[in-house]
């Protein structure tokens, strides 16, 4: 394939930049090649995403420290607004790419926001209910479900949409099927937890979303509904509200 690409370039007087060529095999056990960047995200051949998460922490850490250094001059609300403007965008820039990473790697990111919230004298519940700063775990899950809803609405490239085929078979009338809406994705279970904890695994969560949510015609309103439901669960003291949309924490 590489040779064909070069042959096409020679025939069409196109010279390829050798510095941007990289041969890599993506595989958990039998990988080959070095890390490479794709759309600003560092990918490693094993897809552990450890280096990308380390890069995010390295960029976000000094900003958090700088913002906390101004605590004596700003209100709590203003401090959180600074965090949302300058740090949250860094912590979430690669959310889809790191979604499948091990929980220990993701926890290292989550602790950065938890440390900031605790430094302001708040709990995660207070930060969410009073200042609309949801925990990163919850925000990642809602972001990925928003992506799947965009697929469901047909607002993505056809090649991308083909990665998530719809379930066209009629459902058998059972109590299990009664929980499900009429816009189902095909559920495919992979051989590794990396696959099952990825966006593909999140289709199982989407398939049991409330009907009123999946019938919404735009992604923003869909995610707002999920956030509203999570806020209600937080307010009534539900124990697992942070992971209520997590494909790692639910049985289906």
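Scanning region 188-202 for residues that are surrounded by fewer than 17 Cβ atoms within 10 Å (Cβ to Cβ) and either assigned to a strand (DSSP E or B) or in contact (Cβ under 8 Å) with a residue 60 or more places away in the chain (or both) gives 192, 195. Going residue by residue through region 53-67, is there one that turns out to be surrounded by 13 or more Cβ atoms within 10 Å (Cβ to Cβ), under 18 Å from residue 199 (Cα atoms) and in contact (Cβ under 8 Å) with a residue 24 or more places away in the chain? Looking for residues that are surrounded by 13 or more Cβ atoms within 10 Å (Cβ to Cβ), under 18 Å from residue 199 (Cα atoms) and in contact (Cβ under 8 Å) with a residue 24 or more places away in the chain, one finds at least one in region 53-67, hence yes. Kindly indicate whether residue 51 is in the same structural domain as residue 98 (by TED's automatic domain parsing) and out of contact with any strand residue (DSSP E or B) (no Cβ under 6 Å at 6 or more places or on another chain). In short, no.
Could you go through region 62-72 and let me know if any residue there is assigned to a loop (DSSP other than H, G, I, E, B) and under 30 Å from residue 127 (Cβ atoms). Within region 62-72, one or more residues are assigned to a loop (DSSP other than H, G, I, E, B) and under 30 Å from residue 127 (Cβ atoms). For beta carbons closer than 6 Å, sequence separation of 6+ or different chains, a first residue in region 206-226 that is surrounded by 18 or more Cβ atoms within 10 Å (Cβ to Cβ) and a second that is in a loop (DSSP other than H, G, I, E, B), the qualifying pairs are 207/180; 207/184; 214/181; 214/183; 222/216. Of the residues making up region 203-248, those that are farther than 23 Å from residue 129 by Cα and in a loop (DSSP other than H, G, I, E, B) are 207, 208, 215, 216, 217, 218, 247, 248. Residue 34 meets each of the listed conditions (1) closer than 30 Å to residue 6 by Cα; (2) within 19 Å of the chain's Cα centre (by Cα) apart from (2).
Applying the criterion of being surrounded by 10 or more Cβ atoms within 10 Å (Cβ to Cβ) and at pLDDT below 90 to the residues of region 11-26, the residue that is nearest to residue 190 (Cα to Cα) is 22. Within region 16-31, is there a residue that is touching a strand residue (DSSP E or B) at 6+ places or on another chain (Cβ under 8 Å), outside the structural domain of residue 195 (by TED's automatic domain parsing) and in a strand (DSSP E or B)? Yes, there is a match, as at least one residue in region 16-31 is touching a strand residue (DSSP E or B) at 6+ places or on another chain (Cβ under 8 Å), outside the structural domain of residue 195 (by TED's automatic domain parsing) and in a strand (DSSP E or B).
For residue 169, are the conditions met, namely being loosely packed, with under 13 Cβ neighbours inside 10 Å, assigned to a loop (DSSP other than H, G, I, E, B), at pLDDT below 90 and on the phi < 0 side of the Ramachandran plot? Show your work before the answer.
Details: loosely packed, with under 13 Cβ neighbours inside 10 Å: yes; assigned to a loop (DSSP other than H, G, I, E, B): yes; at pLDDT below 90: yes; on the phi < 0 side of the Ramachandran plot: yes.
Criteria met by residue 169.
The values are calculated or read from the model by the stated rules, or taken from the named source; none is laboratory data. Every value quoted in this text rests on a predicted model; they were computed, and no experiment measured them. Glycine gets a Cβ as well: all are built from the backbone with ideal geometry, and neighbour counts include every protein chain shown.
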